[in-house]
Amino acid sequence: MINDDSFVRINKDMTHSDLEGETVILDLKSGVYYGLNETGTSIWNLIQRPQSVQEIISAILLKYNIEPQLCEQEVKNLLQELANNGLIVIQNEATV
């Protein structure tokens, strides 16, 4: 479960490439590619080192003109989708 105090990091089995403002991610184990749009790319770039969910939300709020509640919901939804696909690892604060 993702909460504001969760920490997010990229799964070590992933590699990525930037393509004209978007990101393509390759799962090295499965050979499956994933694509992220500009906003997803901003989040991916933020988690090149472990970040808390709240740090990610704050950074996205500074970069984009979006309502805070919508931003929180969309960021958490994307992070959950990335986690469900094994692209990132979500840890609670105590295990970072």
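The values are calculated or read from the model by the stated rules, or taken from the named source; none is laboratory data. Predicted model only: the values in this text are computed from it and were never measured. Just the protein is used for accessible areas: all its heavy atoms, side chains included, with ligands, DNA and RNA removed. Shrake-Rupley method; radii C 1.70, N 1.55, O 1.52, S 1.80 Å.
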In whole percent, and with a 1.4 Å probe on the protein chains, what portion of the accessible area of the chain is carbon and sulfur? 48
Please list LEU78, LEU19 in order of solvent-accessible area, largest first, computed with a 1.4 Å probe with all protein chains present. LEU19, LEU78
Work out from phi, with θ = phi - 60° and the Karplus expression 6.51 cos²θ - 1.76 cosθ + 1.60, the ³J(HN,Hα) of each residue of the stretch 9-18, listed in order in whole Hz, and give x for Gly and Pro. 9, 6, 5, 5, 8, 10, 10, 9, 9, 8
Explain nothing, just the number: relative contact order of the chain, from Cα pairs under 8 Å at least 6 residues apart, as a whole percent. 38
Cα-based equivalent ellipsoid, the stretch 4-74: semi-axes from gyration tensor eigenvalues, Å: 23, 15, 9
Provide the gained length on full extension for the span ASN65 to ASN85, in nm with one decimal, where the gain is 0.36 nm per separating residue minus the Cα-Cα distance. 4.4 nm
Heavy-atom accessible area per residue - the chain, 1.4 Å, Å²: 62
